[in-house]
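Down below is the structure, laid out as structure tokens.
The values are calculated or read from the model by the stated rules, or taken from the named source; none is laboratory data. What you see is a predicted model, and the numbers here were worked out from it, not measured in a lab. Backbone-built Cβ (ideal geometry, glycine too); neighbour counts: all protein chains shown.
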């Protein structure tokens, strides 16, 4: 079974002080044990770095530490690159849906989920993804 993980799951899984850590961590553990195939988009990788380095925790997570935990924590996760077609289709899709602004970033992830025909897109932002991937609602999973 293949699952695409959103940054809202990856970053909390990698930081014990995050409120969603206990719910997110098992997804990376299952991938490490080979129980599932986990994937993230390349965009999710950098979004997770951003999230980790700006978390309101003390002491702050340093850029170097964020890089290390991302490298180690996603070692058993497939990184999927976005294609030109993904970007073009996503722009058209959100325009057709009449959706403005930053929702396009979730739409890019949903586009990859559809392209890979994943068994589940794992996110804490279920409603965001339901807006941009209504036909995939039954595959959008909250940890």
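Some observations on this one:
- All positions within segment 18-31 that are surrounded by fewer than 19 Cβ atoms within 10 Å (Cβ to Cβ) and touching a residue at least 40 places away in the same chain (Cβ under 8 Å): 20, 23, 26
- Any hit, segment 109-119, residues being within 13 Å of the chain's Cα centre (by Cα) and more than 21 Å from residue 30 (Cβ to Cβ): yes
- Residue match in segment 2-12 (condition: exposed (fewer than 14 other Cβ atoms within 10 Å of the Cβ), touching a residue at least 24 places away in the same chain (Cβ under 8 Å) and not in a helix (DSSP H, G or I)): no
- Residue 87 falls short on exactly one of the conditions (1) in a helix (DSSP H, G or I); (2) farther than 18 Å from residue 140 by Cβ; (3) at pLDDT below 95, and that condition is (3).
- Matching residues in segment 32-53 - criterion: being farther than 19 Å from residue 81 by Cα and either crowded, with 16+ Cβ neighbours inside 10 Å or in contact with a helix residue (DSSP H, G or I) (Cβ under 7 Å, 6 or more places away or on another chain) (or both): 36, 51, 52, 53
- Members of segment 73-97 found to be under 13 Å from residue 45 (Cβ atoms) and exposed (fewer than 11 other Cβ atoms within 10 Å of the Cβ), listed by number: 75, 81
- Filter result (part of a loop (DSSP other than H, G, I, E, B), touching a helix residue (DSSP H, G or I) at 6+ places or on another chain (Cβ under 9 Å) and over 26 Å from residue 107 (Cβ atoms)) within segment 54-84: 60, 61, 62, 75, 76
- Cβ pairs under 6 Å, 6+ apart, first in segment 116-142 and touching a residue at least 60 places away in the same chain (Cβ under 8 Å) and at positive phi, second assigned to a loop (DSSP other than H, G, I, E, B) and buried (at least 16 other Cβ atoms within 10 Å of the Cβ): none
- Applying the condition of being loosely packed, with under 13 Cβ neighbours inside 10 Å and at pLDDT below 95 to segment 55-72 and asking which residue is nearest to residue 129 (Cα to Cα) yields 56.
- Selection from segment 128-143 of residues that are in contact with a strand residue (DSSP E or B) (Cβ under 9 Å, 6 or more places away or on another chain), under 14 Å from residue 105 (Cα atoms) and in a helix (DSSP H, G or I): 129, 130
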